[in-house]
Amino acid sequence: MFFSFDADEDNKVRNIFWSYGVSRSCYEEYGDVVRFDTTYQTNRYNLKFAPFVGINGHGDNLLFAGAVLSDETIQTFRWLFSTFRACMSGKAPISIVKDQDGAMRAAIEQEFPDATHMNCLFHIMSKAEILLGTSLSGNPKFAVDFYEIVYNCLTKEEFERLWSYMVHKHKVHHLKYLNAMYQNREMFVLVYFKDKFFPFICSTS
């Protein structure tokens with residue numbers, strides 16, 4: 001088993017990381033892709049739970065490591081990712097599925113510079129259903145086009161063409177979240193990751 005603590009200047013523990021022996025063995029075999037997020041919060045100490053999860057050849061989830069974090073700053077994430085890499089004998093993941101946190105992205109770019117990271121499609125689409133509101137839920141034809149384009153385009157060119165057609169067809173130019181999705185399309189739309197190894201597309205399931 002491997003564990004590590006991060007303490008502040010008063011020697012108060014800020015962050016804790018651990019990984020079981022079997023988890024480290026699983027990472028050695030199946031650690032090409034990791035999904036990581038901090039969407040879970042413990043109810044007593046208000047700390048973020050940060051699991052590193054993978055998948056094996058049978059489609060089963062694997063817990064590679066876990067951590068509890070006092071905050072979500074670049075410094076904390078850098079400590080976490082460097083500790084994870086040290087725990088795993090220097091092996092960095094090839095691909096990472098994560099949430100949209102900016103500090104997390106910056107830390108990944110510094111600690112795992114060669115990794116491809118994809119934003120969690122589940123989080124983005126769930127947020128879209130809320131922020132697009134009745135523009136999506138009240139217009140079934142728009143909803144069909146929207147989901148079809150995000151999930152099923154076969155080429156980048158097809159996505160660009162159909163997205164533009166959808167926006168004009170349904171007159172949804174004014175939707176701010178829809179525009180934000182388009183600006184960040186290369187971080188979550190599936191067709192942009194066709195040449196990468198991503199056996200799952202969500203950070204939570």
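Summary table
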read-out: Residues that are of a type in the set (G, A, S) and surrounded by 19 or more Cβ atoms within 10 Å (Cβ to Cβ), drawn from region 39-94; value: A50, G54, A65, A67
read-out: Qualifying residue in region 136-145 (condition: assigned to a helix (DSSP H, G or I), of a type in the set (G, A, S) and under 30 Å from P51 (Cβ atoms)); value: no
read-out: Members of region 95-138 that are over 21 Å from V189 (Cβ atoms) and either of a type outside the set (S, T, Y) or assigned by TED's automatic domain parsing to the domain that holds R35 (or both); value: A103, A106, A107, Q110, E111, F112, P113, D114, G133, G138
read-out: Filter result for K156 (of a type in the set (K, R), modelled with pLDDT under 95 and in contact with a helix residue (DSSP H, G or I) (Cβ under 9 Å, 6 or more places away or on another chain)); value: no
read-out: Any chance I149 is within 16 Å of the chain's Cα centre (by Cα), hydrophobic (A, V, I, L, M, F, W, C) and part of a helix (DSSP H, G or I); value: no
read-out: Residue check, F3 surrounded by fewer than 20 Cβ atoms within 10 Å (Cβ to Cβ) and over 30 Å from V189 (Cβ atoms); value: yes
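The values are calculated or read from the model by the stated rules, or taken from the named source; none is laboratory data. Keep in mind the model is a prediction, meaning the values are calculated, not measured. Using ideal geometry, Cβ is built from the backbone for each residue, glycine included, and neighbour counts are taken over all protein chains shown.
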